[in-house]
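Inspection log for the structure reproduced underneath, given as structure tokens.
The values are calculated or read from the model by the stated rules, or taken from the named source; none is laboratory data. These numbers come from a predicted model, not from an experiment. Glycine also receives a Cβ, built like all others from the backbone with ideal geometry; neighbour counts cover every protein chain displayed.
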Amino acid sequence: MADKEAVVYIIDVGESMADCHNGRVESDLDFSMRYVWDKISTTVAANRKTWTVGVVGLGTDETDNPPHHEGLQGYHHISILQEISAISMSSLRDLRGKIQPSSTSGGDAISAIVVASNMIEVYTKKLKYNRKIFLVTNGDIPVDDTEESIEDVANRLNELGIELVVIGVDFDDPDYGFKEEDKHAIKAHNEATFQNLVGKCNNAVYGTMAQAVEELSIPRLKSVRPFKAYDGLLTLGDPEKYENALTIYVERYFKTKRAPPPSGSIVVNRSEFAGPSQLTQDEDVEMGGTGLSGVQQVRNYKVNDPDAPGGKRDVEFSDLEKGYQYGRTVVPFSESDFSVIKLETKKQFSIVGFVPFSSYDPFLNMGETGIVVAQRQNDESELALSALIRALHELESYAVARYVQKDGNQPQLFLLKPNPGIDDSFECLYDVPLPFAEDVRTYQFPPLDKVLTVTGHVLREHRLLPTDDLNRAMSDYVDAMDLSKFGADDEGNPAEYAPIDESYNPVIHRMNQAIRTRAVHPDEPIGPPAEILLRFSKPPPKLLDKAKSEIQSLIELADIKKVPAKAKGKRYKKDTVKPLSGLDIDALLGNNPRKTISKDNAIPEFKQALATASDDATVESAVKQMGEIVKKLIQESFADLQYPRAAENLRVMREELINIEMPALYNKFLTSLKSNILSGALDGDRREMWFKHIIGGKLSLITSDESEVSGVTSDVVNEFAR
């Protein structure tokens, strides 16, 4: 398959495309552009210079195309809005301004296809390209329906190897199950003409826009080219010591690869933070012409020096050494020390042993799967590897191999699973990384079927153990909620409800959807997630109705009750009730109001200060003191030693202020603390405290969901946490 693409979109912008039909609240043009923008923005996101896009406007007020300039008839109201080229964010935004409904109903779609095919021919020449033309129209503009014209255009597309995709707004499509009632004669005739053209092309598709828009919610899976990770010997025994050692020339490719969500970059507005002299034109181009520039981080290292101005002296990064904590002592570790302990490795793929199928547990898999095949055009290696694969299969054994991808890399242990090719006629070894001893964690849990007392007695009946009736109810519930045959295949037969190839990662695809939407519509809100991403996030309603009796039985036998909402604390009373005796009870019990909070005993003293507070000023004073203690702990912390203690003080402050319904004090302090941490005002880079201990520890702003008197919403918290 060619790695180069030349795609031209023909977009009908005639005046009829501004109308709304079939109960839609958006115009035919906006409805169509949902599909076009999604396709173009996907190309922009791929950032491939060899994936090129051109756009032709059909039904434009002006006329701008080479055949018309050459004096040919029939090419009126057709304009090239963008020549075929690699598309970027800046060109995407320029294109958005050009796609607007016109005030004319002229323009021939067949002629527009000729213009698009000429654009592709001129751009691609005789090079190897994937060539495509997308025609998007509502079919209201009359077209040249002569058989001779249709035949000539189809032959031209076939000659150039161009794939034609005709997508019409409200076009009839029996396969999709859509038919527009009361269709006017021109549109019906045009649909028949387009179907005739598609039928004469070797590679063409005809469909209705409703289906195309509906399929936008289905995530597009990225096909990745095979990547050779290893090319060399697979050995059994040391060939340098033993003449009879087994050596096979093999190649290793990735079979599965982790798909991470797209990463973000930190940028600044060029006009606000930098002048023209500080940013080059190339830097602006890298940001897609958006006027943004990437942030360059610079770190300065200082050491205490009484003789230097300010008591500190700058040092170069090259003069620093790594240090590791040993207790409360920092042990320096130089590069020379690292060279002693570093494992010197050579490129290697060597079998070190064999294990039976029964002794391997799948949970030991540690990463991505690879595939090992014999070296191409090496008959001797193919025969040797085939013999090894079949021997492992017949003996029901796995091979364990030591793998070093290249000199100097860390070694890995691979489990090699034989695939003899009996079913799919493809012989290979599948490999998966195995854990080292240090990677395995063992945990002991109490048994589920018995209770061990302190004296060693075994109890089979206990309040924490399920009864026989509860076990049966749980078994019935599991059977009733079985999803393995709840789905249906194309023929209506029972099938798996959640097959692997239909289970998409919602994080990756939702992020891609949001990025594409924001790129095309920077000022519009991002729509809800596609239903297909949420399909398996909850049980199907029909299954819940089917298992209603089993669920109710399980609830009754397990005595399941709804957990009440956490009671909100009541605010302290400003007017305390005096006893009839007139005695000062707080003074007698030693509960004097605390005015100062110490760093060494901050949490108990802070709680006591709030418990004995009689006015807002006292609470504010206690919060201010606690805040100063938190800042001081962060500022004086060596590396991250004091971060957990500061986070615990912050957590107590947060909980107490929620209980007394004064969240504004906490939110105000946290806003100030964020500014101090991110600006470096607390003696250096303390961002780990913010992102790991505060945001990661769920100590962000108090929202209205946590305290009714808070005016902070979840959206504000999400923005604040960035």
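Filter the range 508-562 down to residues that are over 16 Å from the mean Cα position of the chain (by Cα) and part of a loop (DSSP other than H, G, I, E, B), then give me how many there are.
Residues flagged as over 16 Å from the mean Cα position of the chain (by Cα) and part of a loop (DSSP other than H, G, I, E, B) within the range 508-562 amount to 17.
When V36, V55, V25 are checked against the criterion of being in contact (Cβ under 8 Å) with a residue 60 or more places away in the chain and of a type in the set (V, I, T), a single residue qualifies: V36.
For every residue, the table says whether it meets (1) surrounded by 15 or more Cβ atoms within 10 Å (Cβ to Cβ); (2) within 15 Å of L135 (Cα to Cα); (3) more than 30 Å from the chain's Cα centre (by Cα).
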| site | (1), (2), (3) |
| --- | --- |
| R48 | no, no, no |
| W51 | yes, no, no |
| Q73 | no, no, yes |
| I80 | yes, yes, yes |
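Does any residue of the range 232-253 turn out to be outside the structural domain of I110 (by TED's automatic domain parsing), touching a strand residue (DSSP E or B) at 6+ places or on another chain (Cβ under 9 Å) and of a type in the set (K, R)? Within the range 232-253 (the criterion being outside the structural domain of I110 (by TED's automatic domain parsing), touching a strand residue (DSSP E or B) at 6+ places or on another chain (Cβ under 9 Å) and of a type in the set (K, R)), the answer is yes, since at least one residue qualifies.
Filter the range 662-672 down to the residues that are closer than 23 Å to S614 by Cβ and aliphatic (A, V, I, L, M), then identify the one that is surrounded by the most Cβ atoms within 10 Å (Cβ to Cβ). Looking at the filtered set, the residue picked out is M662.
Based on what the data block shows, is E121 charged (D, E, K, R) and at pLDDT 90 or above? Considered against the rule, which asks whether it is charged (D, E, K, R) and at pLDDT 90 or above, E121 comes out as yes. Among the residues of the range 311-365, those identified as in contact with a Gly (Cβ under 8 Å, 6 or more places away or on another chain) and over 29 Å from D407 (Cα atoms) are V330, V331. Looking across the range 363-396, the residues that are surrounded by fewer than 18 Cβ atoms within 10 Å (Cβ to Cβ), closer than 16 Å to P418 by Cβ, free of Cβ contacts under 8 Å to residues at least 60 places away in the same chain and not acidic (D, E) come down to L383, S386, A387, R390, A391, H393, L395. Close contacts from the range 541-557, counting a first residue that is more than 10 Å from D476 (Cβ to Cβ) and a second that is of a type in the set (A, V, I, L, M, F, W, C), with Cβ to Cβ under 7 Å and a gap of 6+ residues or different chains, come to L543/M481; L543/F486; K546/A480; L557/L470; L557/A473.
Restricting to the range 58-76, name every residue that is without any contact (Cβ under 8 Å) to a residue 40 or more places away in the chain and part of a loop (DSSP other than H, G, I, E, B).
E62, T63, E70, G71, L72, Q73, H76
One residue alone among L81, L95 is assigned by TED's automatic domain parsing to the domain that holds N138, touching a residue at least 24 places away in the same chain (Cβ under 8 Å) and assigned to a strand (DSSP E or B), and that residue is L81. Number of residues in the range 342-362 that are surrounded by 10 or more Cβ atoms within 10 Å (Cβ to Cβ) and over 27 Å from D231 (Cβ atoms) equals 3. Candidates in the range 399-440 are the residues that are part of a loop (DSSP other than H, G, I, E, B), more than 33 Å from the chain's Cα centre (by Cα) and without any contact (Cβ under 8 Å) to a residue 60 or more places away in the chain; of these, the one that is surrounded by the most Cβ atoms within 10 Å (Cβ to Cβ) is E427.
Scanning the range 596-654 for residues that are outside any loop (DSSP other than H, G, I, E, B) and closer than 17 Å to D685 by Cα turns up V630, K631, K632, L633, I634, Q635, E636, Y643, P644, A646, A647. Confirm whether A664 is within 30 Å of D314 (Cβ to Cβ) and in the same structural domain as K607 (by TED's automatic domain parsing). Taking the combined requirement at face value, the residue does not satisfy it. If the condition is being on the phi < 0 side of the Ramachandran plot, in a loop (DSSP other than H, G, I, E, B) and exposed (fewer than 10 other Cβ atoms within 10 Å of the Cβ), then the range 448-478 contributes L448, D449, T453, V454, T455, H457, R460, E461, R463, L464.
Annotation for the range 232-244: no member residue is modelled with pLDDT under 90 and either surrounded by 15 or more Cβ atoms within 10 Å (Cβ to Cβ) or in a strand (DSSP E or B) (or both).
G107 satisfies every condition listed in (1) of a type in the set (G, A, S); (2) under 40 Å from the mean Cα position of the chain (by Cα); (3) on the phi > 0 side of the Ramachandran plot except (2).
Mind checking whether some residue in the range 142-149 is surrounded by 15 or more Cβ atoms within 10 Å (Cβ to Cβ), β-branched (V, I, T) and under 41 Å from the mean Cα position of the chain (by Cα)? For the range 142-149, residues surrounded by 15 or more Cβ atoms within 10 Å (Cβ to Cβ), β-branched (V, I, T) and under 41 Å from the mean Cα position of the chain (by Cα): absent.
Would you say A639 is among the aliphatic types (A, V, I, L, M) and farther than 19 Å from S621 by Cβ? Yes. A search for C-beta distances below 9 Å between a residue of the range 685-699 that is assigned by TED's automatic domain parsing to the domain that holds S672 and closer than 15 Å to S672 by Cα and any residue that is among the hydroxyl-bearing types (S, T, Y) and in a helix (DSSP H, G or I), counting only pairs 6+ apart in sequence or on different chains, returns R686/Y643; M689/Y643. When the range 275-328 is filtered for residues that are among the charged types (D, E, K, R) and at pLDDT below 60, the ones remaining, listed by number, are D282, E283, D284, E286.
Out of curiosity, is V213 at pLDDT below 90 and either assigned to a helix (DSSP H, G or I) or closer than 28 Å to K128 by Cα (or both)?
On the way: at pLDDT below 90: yes; either assigned to a helix (DSSP H, G or I) or closer than 28 Å to K128 by Cα (or both): yes.
Against the criterion (at pLDDT below 90 and either assigned to a helix (DSSP H, G or I) or closer than 28 Å to K128 by Cα (or both)), V213 qualifies.
Scanning the range 373-402 for residues that are among the polar types (S, T, N, Q) and within 23 Å of A229 (Cα to Cα) gives Q375, Q377, N378, S381, S386. Filtered by the rule that a residue be surrounded by fewer than 13 Cβ atoms within 10 Å (Cβ to Cβ) and within 27 Å of the chain's Cα centre (by Cα), the range 673-690 gives a lone residue, R687.
Can you tell me how many residues in the range 239-267 are among the polar types (S, T, N, Q) and touching a Pro at 6+ places or on another chain (Cβ under 7 Å)?
So in the range 239-267, the residues among the polar types (S, T, N, Q) come out as 244, 247, 256, 263, 265.
Restricting the remaining residues to those that are touching a Pro at 6+ places or on another chain (Cβ under 7 Å) gives 247.
Residues flagged as among the polar types (S, T, N, Q) and touching a Pro at 6+ places or on another chain (Cβ under 7 Å) within the range 239-267 amount to 1.
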